[in-house]
Amino acid sequence: MTKTAGPELGGEPTLKGDAARQTLAEDEFGLGNMVAALAETLTKRINADGYVLGIEGRWGSGKSTFVNFIAEELKRTPEHVTAQVSQAGFNPA
């Protein structure tokens, strides 16, 4: 990836490394609409005591960031009780 001047200098936004983002306020990827839609589906359309959701992607593709964003959105949804959001790693290699 070629680095360019950030938006504060009138350039394109640059990514800040590969550490997972923790909150939607840090969303550099434009995931807000997708996160909101998935959170709505999980809270209003799935009638279950619990569920499993699989997120698949290459290393560094944003899986952990996406899960963090979903967990944040679910915590802000009053009709959804989030007892626990767990991540289990799987590497078939």
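The values are calculated or read from the model by the stated rules, or taken from the named source; none is laboratory data. Note that the structure is a prediction, hence the values are computed from the model and not measured. Glycine gets a Cβ as well: all are built from the backbone with ideal geometry, and neighbour counts include every protein chain shown. Surface accessibility is based on the protein's heavy atoms, side chains included, excluding ligands, DNA and RNA. Shrake-Rupley method; radii C 1.70, N 1.55, O 1.52, S 1.80 Å.
The heavy atoms of residue 23 present about 50 square angstrom of accessible area, all protein chains included, probe 1.4 Å.
Projecting label points 7 angstrom from Cα along Cα→Cβ for residue 46 and residue 27 puts them 1.9 nm apart.
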